[in-house]
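Chemist: Quick one: the structure is below, and I'll ask about it shortly.
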There are 2 protein chains.
Amino acid sequence: MKKNYLMTPGPTPVPPQALLAMAEPIIHHRTPEFMEIFREVCELLKFVFQTQNDVITLTSSGTGAMEAAVANLLSPGDKAICVQGGKFGERWTELCKAYGVTPVIINVEWGKAVDPKAIEAELKKDASIQAVFTTLCETSTGVLTDIKAIAQVTKAHNAVIAVDAISGLGAEEIKTDEWGIDVVVSGSQKGLMIPPGLAFISLSKKAWEKVEKSKSPRYYLSLKKAKKAIDATDTPFTPAISLVIALRETLRMMKKEGLDVIFNRHKILALATREAMEAMGLKLFAPTAPSNGVTAVSLPEGIDGEKLVKHMRDKYGVGIAGGQAELKGKVIRIAHMGYITDTDILMTIAVLGMALAEMGFRGEPGVGVEAAEEVLLEGRDRNPVESA
Amino acid sequence: MKKNYLMTPGPTPVPPQALLAMAEPIIHHRTPEFMEIFREVCELLKFVFQTQNDVITLTSSGTGAMEAAVANLLSPGDKAICVQGGKFGERWTELCKAYGVTPVIINVEWGKAVDPKAIEAELKKDASIQAVFTTLCETSTGVLTDIKAIAQVTKAHNAVIAVDAISGLGAEEIKTDEWGIDVVVSGSQKGLMIPPGLAFISLSKKAWEKVEKSKSPRYYLSLKKAKKAIDATDTPFTPAISLVIALRETLRMMKKEGLDVIFNRHKILALATREAMEAMGLKLFAPTAPSNGVTAVSLPEGIDGEKLVKHMRDKYGVGIAGGQAELKGKVIRIAHMGYITDTDILMTIAVLGMALAEMGFRGEPGVGVEAAEEVLLEGRDRNPVESA
């Protein structure tokens, strides 16, 4: 007998009520029944995005919404800052190039967060820059970006700030309206806790003004088409109906739990994971700017990350992620994002300890779990919302 | 108590085994388990598409795959024939315009099929035409296009033929390789019997040669990225995992039933529907080129199609479709596509008769069902495959 656990940074586990909602007979999208569901989903998305602006739902992976940002806001020949500190930061650059937009690349060492002053310097140097593309949580490195500070420095300029919050939304604080973030992009299979297939994008007034001027080609990803449809509680093309219905379930859960409680839960789980890793003698890959959604851990000499991931999956049923691109084999990534609780993290840390021991790296048994337990016990006491 | 039935041309009903597959705990897409599923799906898609070429799976609605055809095969300034005989034919024109491609529009009266000779004439007139965009089954009118003949006239020219088979694949015969169709586009929520959210596209060698030359921007819908990934049984971006898993279930059903039996089933159900409509004193909207996937029916004077659709849905739980665009209120559309059997059609015809009577149009009771029964009984006897 083996039980399977998903501790990867997307897809993340789907709660049973969302899974079961997808097993209900399919309904048509142009019915009062679906429109009522979609209306509620649109409202709850605004709550999660912390915005008064419409949140547009696209049937695509998160990358589709990133492309929508580039293709709807910019025109060939425009310039845009792309913050590159991992695989997903690089995607902004690739998207800009695909649309003839000149990327002003700010390279950041993998595992570090970008300095908002570096962005400010570029914006001051070139007033023609139209957008700043950045990433809330860089899934490939586990780094959290200081979006609030970047929004602050961008505000005074002609550029809009567009944030890839695919990994992160629902796990990390992101106050779209209060911080003045013009474009927030997300996906369904991370903090929002449903399977992949839906992507989301919200736009500020400043962003919609750029949409009016943009000359890039688009049709399926046209935000004007989507906006026109959403005003009638509709989508321009047949949406992924069953995913929208599942999303209502998880958004209702989020509304009930409350954003503060959700963010605090992620914070405590992330801290517990980090303390456990250090107690076990492992090094954090991004110690200076760790995200609350995923923790990247450098592996000791002689331990192959690919083999470790495979071993944990095949022997224990625990799915964690390995490293991507230049980090392949060198790090593992443990997600604590979405439908994840204390029990999942404790179990994962214990299994990691056993798997490492089996591969020849043996610290003192139980120290990881012990360190995590301490954080979890203290975290509960420290959290005024949860203990209320 | 009310039971709900979906007799609309997309979404169509989803078989329980596919619904239940979506309720299983989500798995990660970069695992041997998912790769094995995706490998099987790719193979079975080739079977259903009747091609030896790869069938690329995109996470989008069908329109995403139509856009992929335009954006990956053509460049701004190119010319392409767009056959316009309904709402979905018009979509090709809109897509061409969005990408700076000049559409050579062949307008066809709604309810009629295009004459392949009209396409041939345009191709002979202008050798620079790069593509012929057409529609297998025009969902808005219920018209079936003679794709075999159009492929035949296109073959001798530089242009590729690209077919929107979103409505139709799995319901109508379409021999991709044998007929020489360069591009076939489809979607998941019609003949393939799963919820919306996946789109498909197959390309011939001649089509891939155009992809090499195309200069239009694309990233999420890049077919070269998808092809590179599929060669490693992968997708370039996180796929809609649960839909892919559901698709394996329905494709296995289709393989087991066999394409000939499937097409024959649709043919008989369509014929039964048409004969029932005529027996009831209703007029077929597309009598000269009716599709086997959906039947459009003109409504008698004084019967509002919108009200009829609402009445059948609200009182009887039977969802049929109304008219789109210029046909709004004037026709109803009854689908017999995908997971639909004799019982569904008999019930729908009976309910339509009752609903029409309640709205003031009363033919002889039972004549529709009687006419359908005759076709169904005869159809069984006539069909050597099914009776074997």
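The values are calculated or read from the model by the stated rules, or taken from the named source; none is laboratory data. Here the structure is a predicted model, which is why all the values come from computation and not from measurement. All Cβ positions, even for glycine, are placed from backbone atoms using ideal geometry, and neighbour counts span all protein chains on display.
Chemist: Return the residue satisfying two criteria in turn: it lies in the range A:150-189 and is over 18 Å from the mean Cα position of the chain (by Cα) and assigned to a loop (DSSP other than H, G, I, E, B), and of such residues it is surrounded by the fewest Cβ atoms within 10 Å (Cβ to Cβ).
Modeler: Filtering first and then ranking leaves A:A156.
Chemist: Could I ask something else about it? From the list A:L327, A:L299, A:L284, which residue is within 16 Å of B:R30 (Cβ to Cβ) and more than 14 Å from chain B (Cβ to nearest Cβ)? So that I can check it myself, show each step before the final result.
Modeler: Numbers: A:L299 fails: within 16 Å of B:R30 (Cβ to Cβ); A:L284 fails: within 16 Å of B:R30 (Cβ to Cβ).
The conditions single out A:L327.
Chemist: Now for a separate question. Tell me the residue from A:T93, A:T102, A:T145, A:T135 that is in contact with a Phe, Trp or Tyr (Cβ under 7 Å, 6 or more places away or on another chain) and among the β-branched types (V, I, T), please. Spell out the reasoning first.
Modeler: Numbers: A:T93 fails: in contact with a Phe, Trp or Tyr (Cβ under 7 Å, 6 or more places away or on another chain); A:T102 fails: in contact with a Phe, Trp or Tyr (Cβ under 7 Å, 6 or more places away or on another chain); A:T145 fails: in contact with a Phe, Trp or Tyr (Cβ under 7 Å, 6 or more places away or on another chain).
The match here is A:T135.
Rundown of residues vs (1) touching a helix residue (DSSP H, G or I) at 6+ places or on another chain (Cβ under 6 Å); (2) within 12 Å of chain B (Cβ to nearest Cβ), yes/no style:
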| site | (1), (2) |
| --- | --- |
| A:L19 | no, yes |
| A:M35 | no, no |
| A:I56 | yes, no |
| A:E109 | no, no |
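Chemist: Looking only at the range A:279-322, count how many residues are in a loop (DSSP other than H, G, I, E, B) and out of contact with any Leu (no Cβ under 9 Å at 6 or more places or on another chain).
Modeler: Restricting attention to the range A:279-322, the residues satisfying the condition of being in a loop (DSSP other than H, G, I, E, B) are A:280-282, A:285-289, A:291-293, A:299-304, A:317, A:320.
Now restrict to residues that are out of contact with any Leu (no Cβ under 9 Å at 6 or more places or on another chain): A:281, A:287-288, A:301-302, A:304, A:317.
Final tally of qualifying residues: 7.
Chemist: Out of the range B:180-213, which residues are within 14 Å of chain A (Cβ to nearest Cβ) and either in contact with a His (Cβ under 9 Å, 6 or more places away or on another chain) or free of Cβ contacts under 8 Å to residues at least 24 places away in the same chain (or both)?
Modeler: Listed by number, the list holds a single entry, B:P196.
Chemist: Please name all residue pairs, on different chains or six or more residues apart, with Cβ atoms under 8 Å, provided the first residue is in the range A:269-293 and is within 15 Å of A:E364 (Cβ to Cβ) and not assigned by TED's automatic domain parsing to the domain that holds A:G170 and the second residue is hydroxyl-bearing (S, T, Y) and crowded, with 23+ Cβ neighbours inside 10 Å.
Modeler: Between residues of the range A:269-293 that are within 15 Å of A:E364 (Cβ to Cβ) and not assigned by TED's automatic domain parsing to the domain that holds A:G170 and residues that are hydroxyl-bearing (S, T, Y) and crowded, with 23+ Cβ neighbours inside 10 Å, the close pairs are A:M277/A:T295.
Chemist: Tell me, yes or no, whether the range B:271-284 has at least one residue that is in contact with a strand residue (DSSP E or B) (Cβ under 6 Å, 6 or more places away or on another chain) and of a type in the set (G, A, S).
Modeler: Within the range B:271-284, none of the residues are in contact with a strand residue (DSSP E or B) (Cβ under 6 Å, 6 or more places away or on another chain) and of a type in the set (G, A, S).
Chemist: Residues of the range A:214-247 being within 12 Å of chain B (Cβ to nearest Cβ), in a helix (DSSP H, G or I) and more than 30 Å from A:A23 (Cβ to Cβ), which ones?
Modeler: A:K224, A:K225 - these are the residues of the range A:214-247 that are within 12 Å of chain B (Cβ to nearest Cβ), in a helix (DSSP H, G or I) and more than 30 Å from A:A23 (Cβ to Cβ).
Chemist: Where in the range A:20-127 are there strands (runs of 3 or more DSSP E), lying wholly inside it, with at least 3 residues that are more than 21 Å from A:L221 (Cα to Cα) and assigned by TED's automatic domain parsing to the domain that holds A:Q152?
Modeler: Working: elements: A:55-59, A:79-84, A:102-107.
Output list reads A:79-84, A:102-107.
Chemist: Return the pair list, or none, for Cβ contacts closer than 8 Å from residues in the range B:352-372 that are part of a loop (DSSP other than H, G, I, E, B) to residues that are at pLDDT below 95 and not hydrophobic (A, V, I, L, M, F, W, C), at least 6 apart or on different chains.
Modeler: So the pair list comes out as B:G360/B:G302; B:F361/B:P300; B:F361/B:G302.
Chemist: Considering only the range A:309-319, I want to know if a residue exists there that is among the acidic types (D, E), over 26 Å from the mean Cα position of the chain (by Cα) and surrounded by fewer than 16 Cβ atoms within 10 Å (Cβ to Cβ). Can you show your working first?
Modeler: As a first pass, look at the range A:309-319 and keep what is among the acidic types (D, E): A:314.
Restricting the remaining residues to those that are over 26 Å from the mean Cα position of the chain (by Cα) gives A:314.
Right, trim to surrounded by fewer than 16 Cβ atoms within 10 Å (Cβ to Cβ) and you get A:314.
Checked the range A:309-319: at least one residue is among the acidic types (D, E), over 26 Å from the mean Cα position of the chain (by Cα) and surrounded by fewer than 16 Cβ atoms within 10 Å (Cβ to Cβ).
Chemist: I'm told A:S291 meets every condition in (1) out of contact with any Cys (no Cβ under 6 Å at 6 or more places or on another chain); (2) at pLDDT 95 or above except one. Can you identify the failing condition by its number?
Modeler: Result: A:S291 passes all but (1).
Chemist: Do we have B:P76 as away from chain A (no Cβ under 11 Å) and either at pLDDT 95 or above or crowded, with 23+ Cβ neighbours inside 10 Å (or both) here?
Modeler: When the stated conditions are applied, B:P76 does not pass them.
Chemist: On to the next question. Residue pairs, Cβ under 8 Å, 6 or more apart or interchain, first in the range B:1-17 and more than 7 Å from every other protein chain (Cβ to nearest Cβ) and within 14 Å of B:S167 (Cα to Cα), second of a type in the set (F, W, Y) and in a loop (DSSP other than H, G, I, E, B). List them.
Modeler: B:T12/B:Y339
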